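Enquirer: What follows is a single structure, and I will ask about it in a moment.
The values are calculated or read from the model by the stated rules, or taken from the named source; none is laboratory data. In this text, all values refer to a predicted model and were calculated from it rather than measured experimentally. No Cβ is skipped: glycine too gets one built from the backbone with ideal geometry, and neighbour counts run over all protein chains shown. Just so you know, the surface numbers come from the protein's heavy atoms only, side chains and all, with ligands and any DNA or RNA stripped out. Shrake-Rupley method; radii C 1.70, N 1.55, O 1.52, S 1.80 Å.
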Amino acid sequence: MSHHLRLVDPPKNRFRSYSMTEQRTLFGDVDLVITWGRIGWRQRSRVETFSSVEHLDKRRDELLNRRRLHGYEVVG
């Protein structure tokens, strides 16, 4: 499952994207791949590994809520 968010605020020159993708590892863990950056520029990313889907769900929800508080909107 993946989640894509965008923040577009031209008066403040803010054009940002943020996405999260979930994937299984070969060892039975679950990865949360987080990618972010300015739209049209090179994106940065990091991977967080969790031993259970429940832990991943909790972290994903925390990140989604934090981004929404900063003005990001869910796209597609």
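Enquirer: Just give me the residues in region 24-52 being under 20 Å from Val74 (Cβ atoms) and polar (S, T, N, Q), in sequence order.
Expert: Within region 24-52, Thr35, Gln43, Ser45 qualify.
Enquirer: Another question, if that's okay. Is there a residue being open to solvent by less than 60 Å² (accessible area, probe 1.4 Å), of a type outside the set (D, E, K, R) and over 10 Å from the mean Cα position of the chain (by Cα) anywhere in region 20-29?
Expert: There is at least one residue in region 20-29 that is open to solvent by less than 60 Å² (accessible area, probe 1.4 Å), of a type outside the set (D, E, K, R) and over 10 Å from the mean Cα position of the chain (by Cα).
Enquirer: Anything in region 33-74 that is open to solvent by less than 60 Å² (accessible area, probe 1.4 Å), of a type outside the set (Lys, Arg) and under 19 Å from Lys12 (Cβ atoms)? List them, or say none. Don't jump to the end; show me each part of the working.
Expert: Taking region 33-74 first, the residues open to solvent by less than 60 Å² (accessible area, probe 1.4 Å) are 33-35, 37, 48, 50, 52-53, 56-57, 59-60, 63-64, 67, 71-72.
Of the ones still in play, those that are also of a type outside the set (Lys, Arg) are 33-35, 37, 48, 50, 52-53, 56-57, 63-64, 71-72.
The answer is Gly37, Gly71, Tyr72.
Enquirer: Now for a separate question. Within 11 Å of the chain's Cα centre (by Cα), in a helix (DSSP H, G or I) and more than 15 Å from Arg6 (Cβ to Cβ) - does that describe any residue in region 32-53?
Expert: Checked against the condition, which is being within 11 Å of the chain's Cα centre (by Cα), in a helix (DSSP H, G or I) and more than 15 Å from Arg6 (Cβ to Cβ), region 32-53 yields no hits at all.
Enquirer: Check Leu7 against each of (1) closer than 21 Å to Asn65 by Cα; (2) open to solvent by 70 Å² or more (accessible area, probe 1.4 Å); (3) hydrophobic (A, V, I, L, M, F, W, C) and name the one condition it does not meet.
Expert: Of the numbered conditions (1) closer than 21 Å to Asn65 by Cα; (2) open to solvent by 70 Å² or more (accessible area, probe 1.4 Å); (3) hydrophobic (A, V, I, L, M, F, W, C), the odd one out for Leu7 is (2).
Enquirer: Still on this model: Between a first residue in region 1-26 that is modelled with pLDDT under 95 and among the aliphatic types (A, V, I, L, M) and a second residue that is assigned to a strand (DSSP E or B) and surrounded by 15 or more Cβ atoms within 10 Å (Cβ to Cβ), which pairs have beta carbons less than 6 Å apart while being 6 or more apart in sequence or on different chains?
Expert: Met1/Glu22
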